[in-house]
Amino acid sequence: MKILKFVTNKDKNMYYYQTELSDKKYSSKIENEVINIYPSVTYQTLIGFGGAITEASAYNYSLLSDEKKQKFLHDYFSENNYSLCRLTIGSCDFSLNSYSYSHKHDLSDFSIEPDLKYTIPLIKDALNINPNIKFLASPWSPPKFMKNTKISILGGKLLDKYKSTYAKYLAKYIKSYSDLGINIDYITIQNEPNAIQRWESCLYSPQEESDFIVNYLFPEFEFQNISTKILIYDHNKEKLFNRAHEEFSNEQLKNIVSGVAFHWYTGNHFENIKLCKEFFPDKLLIHSEGCSGLNLNNPYANEYANEIIGDLNSGANGFIDWNIFLDKNGGPSHIKNPCNSPIMMDSDNHNYFKMLSYYYIGHFSRFILPNAVRVANSTYSDNLKITSFKNPDNRIVIVILNKENYDMSFNLCINDSTFHDTIEKQSIITYII
């Protein structure tokens, strides 16, 4: 059995070094420090991994030379195999300015022109590297004139009289992108519908979101022959199951909606994902946003790996990071909300550097391919976080994270073979069998 091993170790700066290990026939006497992989026991199918192509990310990309752009594209969409990316419908906190696509009540001035300078060129360049990228699009706020507050920030509500118009607005966005060869595969109704933010935001109760989907958006999609799949919620996991349970009690909505999107900002709450998978097994579960505040000395690599493993083991079908490319100040952000990203611009805006989080995310995205199926496993220690998948080519991919400050040994058993190995402290390993 040929076993490939890829390791990232924070202390030794060994990124993706590869070795081959030999196996031996399984012995029933091996009882201690065992990790079991069960390839015949399967769960959900993976859509993919990726990040958000915000205007801030696209602006930073535009500053690179043609040569550096090609390297950047290769790093994300070839080497790290990004295949599921998020887009913003209108502006968000990581836009250069606040904007929408229309200012007239009849949408006669509708135009995605604000996206043409930076965002769409990056999207098209990414598609040239990986033409199979799937896109999830999310609005941060309806246009100002559609809201009760008449401003895009600080929450507010979509006015009843503009629900039909807003449904047409979202359909126009999808159609406009489609005309440029960019297919919007998934859409959420609102980014963080429970939050009043100092940036673009809008509030939706479960009833309001359900009403908009059932009575306005879905009928408009049917009329326009739009096949984009609708996801609900798009907010933090602590209320994930409550929200899904309440909205899916509406059978009409349940038959329309394809799944639920969620964020990581309020803790693990992996049980909420498991509950959603248990009660709504036919619905997609997609992690649609997660990041850390600006701290170049702490890339939150362990947190990313812990989140991805927990999400996948709970039933998630995909993982989308937040901004794919920010500058050394964590932006640009028109409301100054600095964050880390896996790749960041250097100080003179001519090059970039990779954070440790880039490599940790890559231990999943680079090796677990779209349409892979999760397989069962067991581990002898809660200190070893593990997930395992069977790729479309039937190779087994196993990712193990050691967050502890000491090395840990184990015997990995799969079918009738086993091998012994050690994972060093503060490191992550991917095996391909």
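Here are some notes:
- Counted by neighbouring Cβ atoms within 10 Å, the residues THR379, THR54, THR165 run from fewest to most as THR379, THR165, THR54.
- Region 63-123 - Debye-derived log10 I(q)/I(0), Cα point model, q = 0.20, 0.23 Å⁻¹: -0.91, -1.05
- The chain - share of DSSP beta bridges that are antiparallel (%, nearest 5): 60 percent
- Counting other Cβ atoms within 10 Å as a rough exposure proxy, the listed residues SER57, SER417 run SER417, SER57 from fewest neighbours to most.
- Within region 268-388, the proportion of C-alpha pairs whose separation exceeds 22 Å stands at 42%.
- The simple spin-label model puts a point 7 Å past each Cα toward its Cβ; for GLU271 and ASP125 those points are separated by 4.6 nm.
- Highest-MSF residue in the chain out of SER314, SER381, SER141 [GNM, Cα springs under 10 Å]: SER381
- Here the Gaussian network model covers the chain, with springs between Cα atoms less than 10 Å apart; of LEU356, LEU294, LEU116, LEU116 fluctuates the most.
- Each 5 Å bin from zero up to the one holding the largest Cα-Cα distance in region 142-245 carries the following percent of pairs: 2, 12, 22, 23, 20, 15, 5, 0.
- Fewest neighbouring Cβ atoms within 10 Å first, the residues GLU113, GLU289 line up as GLU113, GLU289.
- Folded to 0 to 90 degrees: helix 301-314 orientation relative to the chain principal axis, Cα: 90 degrees
- Counting only alpha carbon atoms, the long axis of helix 119-129 and the longest principal axis of the chain meet at about 40°.
- 20 Å-binned pair-distance histogram of the chain (Cα, whole percent): 26, 56, 17, 1
- Here region 301-338 and region 89-146 have alpha carbon centers that stand 20 Å from each other.
- Between ILE309, ILE286, ILE35, the residue with the greatest mean-square fluctuation in the GNM of the chain (Cα pairs under 10 Å linked by springs) is ILE35.
- Rounded if a/c under 1.5, otherwise prolate or oblate - region 106-195, Cα gyration tensor axes: prolate
- Here the alpha carbons of region 370-433 define both size measures, Rg and Dmax, at 12.1, 36 Å.
- Reachable aspartates and glutamates from LYS328, criterion Cα separation under 20 angstrom, eight or more residues apart if same chain: GLU55, ASP75, ASP93, ASP346, ASP348
- Based on the Kirkwood approach, the hydrodynamic radius assigned to region 126-170 is 12.4 Å, with every pair of different Cα atoms included.
Bear in mind that the values in this text are calculations on the coordinates, not laboratory data. Everything quoted here is computed from the prediction, not taken from an experiment. Counting neighbours? That spans all protein chains shown, and the Cβs are built from the backbone with ideal geometry, glycine included.
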